[in-house]
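Undergrad: I'd like to ask some things about the structure below.
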Amino acid sequence: MSLKADCAESQSICDEIALLEKRLKVAKDRLSGLRPNSDAISTIPRILPNNGSLAASSRHFLLLLSDSALPLGSFAFSSGLESYLAHSRPNSSFPTFLEFSLASYASTTLPFVLAAHRNPIGLVELDDTLDAAIMCTVGRRASVAQGRALLSIWDRSFSAALPGGTSTATVEALKGFTLLLRSTSSVASSDIPLASAHLAPLFGAIACILGMSLEQTAYVFMLSHVKALLSAAVRASIFGPYHAQKVLASVEVQEEIRKAIEREWNTKTENAGQTDDDERSPEQSSAHF
Amino acid sequence: MASPFPPSSSAPGEGCLVAELTPQKTSALSTMTFQYPLKLISPSPSANQKSVLVFLLTYGGGLVGGDQVHLTITVKSLSKVSIVTQGHTKIFKCPSPDVTTRQTLHVTIQDGAALCLLPDPVQPFGGSVYEQSQKFIVSETGSLCLLDWVSAGRTARGEDWDFCKWNGRNEVWSSGEETKPRLLLRDNVLLDGDALSGSKKYLKKKMHGLDLFGTLVLRGPLVASLSAFFLDEFSALPRIGARDFRSQDTKDKDSILVLSHQEQWRKDRLSQEATDRILWSAAKVRGCTVVKFGAHTVEAGRTWIGNMLKEEGSIAASFGGDAIMCVR
């Protein structure tokens, strides 16, 4: 009797084991279903792929230059927004101003960014030419203040982290420019200074040294302008920070920037000027993208 | 018998003007050549003229689509030239946007010489395509007074910035004895009409109700006082957004005070600027003074700039009253 009972108990334990084993198998299958390449784990390299140090570092510097924490002082200037509001109240429209401001900023300064990126050796001449083409006292002050700040960032921060494979001639050109700037600012004279350090050509030259592509450079330059305008608009209480992000993220702004870059891609610096804009004549706007 | 007319250069639209100081210490033209469609006229000189007056004309008072005018002016040491026009330079419409009407001016101003270029506004008609390029090479002691203005077109016919394209470029270069010329100022104004931009009323919207847009460029010792005048008046303008916080009582009391001539004139001008919707600014750019102004109507703009030039008075004193005939 007891033997029979023992036998029945051991049978039930065996059944339970079988059941548990089955469940374990199902659970293991489920797990492997969730991780289809669980076998391949061992093939993933322990470190990130290193596809060229220059490409990796250029992405790094792209993020640094597009960061709003970059201490350029861009947010100290409203690019004419305050004046526009004062002159057009109560009929002012921020979208209209943004559109005009983007087109105007692109046509006056973007050719200098592109030219400096294409040929950083000609930095001194580009800087001098841009200085002759800025008619507005406030605009000149803004451009020079940001340009000098960028040069300081280069000097004190970026130059120590130069990516490998950068052209030494370009770095030397920038060094020469810094020396020229110091020598002119130390001599107090009524003569026109040989170097002023405007933002646009310096941005192009430094982005070139840091390995950023021409398109990236132009896009970041224009986007920074939009960010500065939006920040000025928020401070002028036109709208709040969420709406500002909405405008910044909008398809319209992306499209405007893309169009502006396309339009100025082949504009020579001597043809850069105050424009009312939209489409420049066909021979000047043959797009590269 | 020698031809009484000046010999003409060969290429159409080409012109050349050379002014120099005569032994009698007056300025005179030593060369004046021009070819259709350009026409230059200089009234017979008088003994006490302050500068040589030259009318810059075109046949029919304007430029037909595709016309090219190229004028070279040399103002030799210590001589003075004033250039004026007889009315708006009309820019007639072009058959297609590919046909450009072009005017180029190349001026060299030598030591102690001066040029005063005060033409009437350029009036581009609907559908016109126009490019203007003016280059001035000014010596260290040379002087330049340049006015470049453009109107909205034939507003009486309803035109309102209806042209196809208007590009204006003004460059001032310094010339030194041994150094190479250096660019002091480059002002490009690029206005593309709706036909090119593809969007309707875009240019009109951008011009913000202005019918006239002008640029005055000053450089050199002879116009130094005029430069200072514009810069002073600009800094005396009321701040943007400034308000009059005086009570009515104080205002009445203040209105009895006798103002100096300058203060009274400035007060009148400011109220005129408000009614005529004049918008202006002045800036110092690398040794040059640039005044930009816009006006609601062409006449208002003309009155405003004329008022400024006459109040200061040095242009008429240095170049003679005829030099400012465009604002008389």
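Undergrad: Please report, as a whole percent, how much of the solvent-accessible surface of chain B comes from carbon and sulfur atoms (probe radius 1.4 Å). Before the final figure, lay out the partial values.
TA: Numbers: 8330 of 15120 Å².
Solvent-exposed carbon and sulfur of chain B make up 55 percent of the total.
Undergrad: Would you mind classifying the range B:116-269 by shape? Square roots of the alpha carbon gyration tensor eigenvalues, ordered a ≥ b ≥ c; an a/c under 1.5 is rounded, otherwise it is prolate if a/b is larger than b/c and oblate if not. Please report the intermediate quantities before stating the final value.
TA: Numbers: a/c = 2.67, a/b = 1.21, b/c = 2.21.
The shape class here is oblate.
Undergrad: If all Cα-Cα distances of the range A:149-249 are sorted into 5 Å bins from 0 onward, what percent lands in each bin, rounded to whole numbers?
TA: 2, 11, 17, 17, 14, 13, 12, 8, 5, 1
Undergrad: While we're looking at this one, here's another question. So if I place +1 on the C-beta of Lys and Arg and -1 on the C-beta of Asp and Glu, and nothing else carries charge, what would the dipole magnitude of chain B be about its Cα centre? I want it in debye, nearest 20. Numbers along the way, then the final one.
TA: Numbers: 37 positive and 33 negative charges, 81 e Å.
Charge dipole of chain B: 380 debye, to the nearest 20.
Undergrad: While we're here: Which FRET efficiency value, to the nearest 0.05, is calculated for B:K39 and A:R59 with the Förster distance at 51 angstrom and r the Cβ-Cβ distance?
TA: Values: r = 63 Å, r/R0 = 1.24.
In this case the efficiency is close to 0.20.
Undergrad: How far apart, in nm, are two points set 7 Å out from the Cα along the Cα-to-Cβ line at B:S96 and at A:A169?
TA: Reported label-point gap for B:S96 and A:A169 is 4.3 nm.
Undergrad: Please report Rg (one decimal) and Dmax (integer) in Å for the Cα set of the range B:74-115.
TA: 15.8, 45
Undergrad: Rounded to whole Å, give me the distance from the Cα center of the range B:277-325 to that of the range A:200-256.
TA: 38
Undergrad: Assuming a viscosity of 1.306 mPa s and a temperature of 10 °C, what translational diffusion coefficient in µm² per second does Stokes-Einstein assign to the range A:56-134, Rh being the Kirkwood radius over Cα pairs? Please list the in-between numbers first.
TA: Details: Rh = 15.3 Å.
This corresponds to a translational diffusion coefficient of 104 µm²/s.
Undergrad: Hey, another quick one. Under 20 Å from the 7 Å Cα→Cβ point of A:R89, by amide nitrogen: which residues of the range B:239-253?
TA: Flagged as within label range: B:239-247.
Undergrad: Run the reach check for B:K165 against lysines, Cα to Cα strictly under 25 Å, same-chain hits fewer than 8 apart removed. What comes back?
TA: Cross-link targets: A:K259, A:K268, B:K39, B:K90, B:K93, B:K135, B:K200, B:K201, B:K204, B:K205, B:K206, B:K292.
Undergrad: Calculate I(q)/I(0) for the protein assembly as shown by the Debye formula, one identical point scatterer on each C-alpha and no solvent, and give its log10 at q = 0.09, 0.11, 0.13 Å⁻¹ to two decimals.
TA: For the protein assembly as shown at q = 0.09, 0.11, 0.13 Å⁻¹, log10 I(q)/I(0) is -0.82, -1.16, -1.50.
Undergrad: Moving on to the next point. Per q in 0.14 Å⁻¹, report the Debye log10 I(q)/I(0) for chain B, using one uniform scatterer on each alpha carbon and no solvent.
TA: -1.16
Undergrad: Based on alpha-carbon atoms only, what is the radius of gyration of the range B:51-210 relative to the globular estimate 2.2 N^0.38 Å? Walk me through the intermediate numbers first.
TA: On the way: Rg = 17.0 Å, N = 160, 2.2 N^0.38 = 15.1 Å.
The reported ratio for this selection is 1.12.
Undergrad: Would you mind getting the Kirkwood hydrodynamic radius of the range A:60-200 from its Cα pairs, rounded to one decimal in Å?
TA: Details: mean 1/r = 0.0593 Å⁻¹.
Evaluated over the range A:60-200, this radius sits at 16.9 Å.
Undergrad: Could you tell me the convex hull volume per residue, in Å³, taken over the Cα atoms of the range A:143-184?
TA: Values: hull volume 3.1 nm³, N = 42.
Per-residue hull volume (Cα only) is 73 Å³.
Undergrad: Would any residue of the range B:161-188 have its amide N under 16 Å from a label point 7 Å out along Cα→Cβ of A:K268? List them or say none.
TA: Once the point is set 7 Å along Cα→Cβ of A:K268, B:168-171, B:183, B:186-188 turn out to lie under 16 Å by backbone N, inside the range B:161-188.
Undergrad: Quick one: the Cα spread of the range A:91-143 along its three principal axes, in angstroms, biggest first?
TA: Principal extents (Cα only, largest first): 46, 23, 13 Å.
Undergrad: Among B:K25, B:K165, B:K50, which one shows the highest mean-square fluctuation when chain B is modelled as a Gaussian network with alpha-carbon springs under 10 Å?
TA: Of B:K25, B:K165, B:K50, the most mobile in the Gaussian network model is B:K25.
Undergrad: Based on the alpha-carbon gyration tensor of the range B:115-198, what equivalent-ellipsoid semi-axes (square roots of 5 times the eigenvalues) come out, in whole Å, largest first? Kindly include the intermediate steps, with their values, before the conclusion.
TA: Values: eigenvalues 210, 42, 9 Å².
Gyration-tensor ellipsoid for the range B:115-198: 32, 15, 7 Å.
Undergrad: Okay, moving on. Ignore the peptide's own chain and count Cβ atoms of other chains within 10 Å of each Cβ in B:127-140; give me the average, rounded.
TA: Neighbouring Cβ atoms belonging to other protein chains average 0 per residue here.
Undergrad: Quick check on the protein assembly as shown: helices-only [θ] at 222 nm, where DSSP H runs of length 4 and up contribute -39,500 (n - 2.57) each and the sum goes over total residues. Nearest 500, please.
TA: Details: 18 runs with 251 residues, N = 617.
Theoretical 222 nm ellipticity from helices: -13000 deg cm²/dmol.
Undergrad: How large is the charge dipole for the protein assembly as shown, taken about the Cα centre, if only the Cβ atoms of Lys, Arg (+1) and Asp, Glu (-1) carry charge, to the nearest 20 debye?
TA: On the way: 62 positive and 62 negative charges, 92 e Å.
Computed about the Cα centre, the dipole is about 440 debye.
Undergrad: Please compute the length gained on full extension between A:I13 and A:A161, using 0.36 nm multiplied by the number of residues separating them and subtracting their Cα-Cα distance.
TA: On the way: separation 148, 0.36 × 148 = 53.28 nm, distance 6.83 nm.
Between A:I13 and A:A161, full extension yields an extra 46.4 nm.
Undergrad: Now a separate question. Among B:R219, B:R102, B:R246, which one shows the highest mean-square fluctuation when chain B is modelled as a Gaussian network with alpha-carbon springs under 10 Å?
TA: B:R246
Undergrad: Sort the range B:238-328 into rounded, prolate or oblate with this rule: let a ≥ b ≥ c be the square roots of the eigenvalues of the Cα gyration tensor; rounded if a/c is under 1.5, and if a/c is not under 1.5, prolate when a/b is larger than b/c, oblate otherwise. It would help to have the intermediate numbers written out before the result.
TA: Numbers: a/c = 1.99, a/b = 1.65, b/c = 1.21.
Prolate, since a/c reaches 1.5 and a/b exceeds b/c.
Undergrad: I would also like to ask the following. Could you pull the Rg and Dmax for the range B:26-100, using just the Cα atoms, both in Å?
TA: Over the range B:26-100's Cα set, Rg and Dmax evaluate to 14.9, 49 Å.
Undergrad: Let me ask something else about it. What is the mean number of Cβ atoms from other protein chains located within 10 Å of the Cβ atom of each residue in peptide B:181-193, rounded to a whole number?
TA: Values: counts 0, 4, 7, 3, 5, 12, 6, 10, 5, 12, 4, 7, 2.
Mean shielding by partner chains, rounded to a whole number: 6.
Undergrad: Continuing with the same structure: Under the Karplus relation 6.51 cos²θ - 1.76 cosθ + 1.60, θ = phi - 60°, what is the ordered set of whole-Hz ³J(HN,Hα) values for the range B:99-104, x standing for Gly and Pro?
TA: Karplus values, whole Hz, x for Gly and Pro: 8, 10, 8, 10, 10, 10.
Undergrad: Let me know the shape class of the range B:182-289, please: from the alpha-carbon gyration tensor, a ≥ b ≥ c as square roots of the eigenvalues, rounded when a/c is under 1.5, otherwise prolate if a/b is greater than b/c, or oblate. List each step's numbers first, then the result.
TA: On the way: a/c = 3.21, a/b = 1.41, b/c = 2.28.
Oblate, since a/c reaches 1.5 and b/c is not below a/b.
Undergrad: What average count of beta carbons from other chains do you get within 10 Å of the Cβ of residues in A:136-149?
TA: Values: counts 5, 7, 2, 1, 4, 0, 0, 0, 0, 0, 0, 0, 0, 0.
Per-residue shielding by partner chains comes out at 1.
Undergrad: So if I restrict to the alpha-carbon atoms in the range A:120-201, what is the Rg, and what is Dmax, the biggest pairwise distance, in Å?
TA: Here Rg and the maximum Cα pair distance are 13.2, 42 Å.
Undergrad: If the cut-off is a Cα-Cα distance under 28 Å, which lysines reach A:K22, setting aside same-chain residues fewer than 8 apart in sequence?
TA: Counting by Cα, and skipping residues close in sequence, A:K22 has these lysines nearby: A:K4.
Undergrad: Along the charge dipole of chain B, pointing to its positive end and built from +1/-1 on Cβ of Lys, Arg, Asp and Glu, which listed residue (B:L144, B:V291, B:F245) has its Cα farthest out?
TA: The one lying farthest along the dipole's positive direction is B:F245.
Undergrad: While we're looking at this one, here's another question. Could you work out how far the C-alpha centroid of the range B:214-255 sits from that of the range B:45-111, in angstrom?
TA: Using only Cα atoms to place each centre, the spacing works out to 33 Å.
The values are calculated or read from the model by the stated rules, or taken from the named source; none is laboratory data. Worth saying up front: this structure is predicted, and the values here are computed from it rather than measured. Cβ sites come from the backbone with ideal geometry, for glycine too, and all protein chains shown count toward neighbours. Ligands, DNA and RNA are stripped out before the accessible areas are found, and what is left, the full protein with its side chains, is counted by its heavy atoms. Shrake-Rupley method; radii C 1.70, N 1.55, O 1.52, S 1.80 Å.
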